[in-house]
Amino acid sequence: MRGVYVLLIYLSGDIYLNVGALGHLLFRRGFYAYVGSAQNGLEKRLKRHFQGANKKFWHIDYLIGSRAASLVAAFYKDAGKDEECKSAREFAKAGFYVKGFGCSDCGCESHLFLFGDAAIIEDLCLKMGFKRYLAKESPHCDASGA
C-alpha cells in the first residue's frame with residue numbers, strides 16, 4: 001500500500017542533534033508531528049520507524065533515534081506523494097516548524113512541526129482524513145497504538 005503518514009513524537013527534554021546535512025539543530029521539549037510518505041510500502045516504512053532503524057537514512061531517523069524521543073502514535077492514509085506536502089502545509093499553519101527538516105526532496109519549509117499538545121496533532125490528522133496506525137507488533141506501542 002502506498003500512502004502518506006504522520007508520526008506523533010514526544011521529546012522529553014531539549015536536545016541538540018546532528019541531523020546529517022542539516023547540521024546541529026536544537027529541538028525543544030514537546031510534541032512533534034512529522035509528515036512523510038511511502039509510495040512503495042507504507043506498512044513496512046511505519047514498522048521501520050516503530051522498531052528503530054539501525055542506519056540513519058532520513059532526517060527523522062536522527063530524531064526518533066534519540067534517547068529523549070518517544071514515538072507515541074502514527075496516522076496514515078492512502079494517497080499520492082503530493083498529499084505529503086499538502087498535509088505539511090496544513091501542519092505549518094498550526095505549529096512551529098523546524099526549517100529544512102524532512103523536505104530535501106520538495107519545496108516545503110519543513111515536514112516537522114512542534115506543538116504543545118498531542119491532542120492538536122491527533123485532531124489535525126483526523127480532520128485531514130488520516131487513520132490511526134495500530135502497530136501491534138511494535139515493542140514501542142501497545143495494542144491501541146499509543
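The values are calculated or read from the model by the stated rules, or taken from the named source; none is laboratory data. The structure displayed is predicted, hence computed values, not measured ones. Neighbour counts run over all protein chains shown; Cβ positions are idealised from the backbone, glycine included.
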For region 44-53, indicate whether the set of residues that are surrounded by 14 or more Cβ atoms within 10 Å (Cβ to Cβ) and closer than 16 Å to L11 by Cα is non-empty.
yes
Answer with yes or no whether L8 is modelled with pLDDT of 95 or more, farther than 15 Å from K99 by Cα and not in a loop (DSSP other than H, G, I, E, B).
yes
Taking region 58-81 only, how many residues are among the hydrophobic types (A, V, I, L, M, F, W, C) and not in a strand (DSSP E or B)?
6
Tally the residues that are of a type outside the set (K, R), modelled with pLDDT under 95 and out of contact with any helix residue (DSSP H, G or I) (no Cβ under 6 Å at 6 or more places or on another chain), restricting the search to region 118-140.
3
Those residues of region 11-29 which are part of a loop (DSSP other than H, G, I, E, B) and under 24 Å from D105 (Cβ atoms), in sequence order
V19, G23
For L11, which of the numbered conditions (1) on the phi > 0 side of the Ramachandran plot; (2) in contact with a Lys or Arg (Cβ under 7 Å, 6 or more places away or on another chain) fails to hold?
(1)
Out of all the residues in region 57-80, which are of a type outside the set (G, A, S) and exposed (fewer than 15 other Cβ atoms within 10 Å of the Cβ)?
F57, R67, D78
Looking only at region 95-118, and only at residues there that are over 15 Å from G36 (Cα atoms) and not aliphatic (A, V, I, L, M), the one that is surrounded by the most Cβ atoms within 10 Å (Cβ to Cβ)
G95
Can you name every residue in region 82-111 that is touching a residue at least 60 places away in the same chain (Cβ under 8 Å) and either farther than 13 Å from C125 by Cα or in a loop (DSSP other than H, G, I, E, B) (or both)?
G95, V98, G100, F101, G102, S104, H111
Within region 49-58, does at least one residue satisfy the condition of being on the phi > 0 side of the Ramachandran plot and touching a helix residue (DSSP H, G or I) at 6+ places or on another chain (Cβ under 8 Å)?
yes
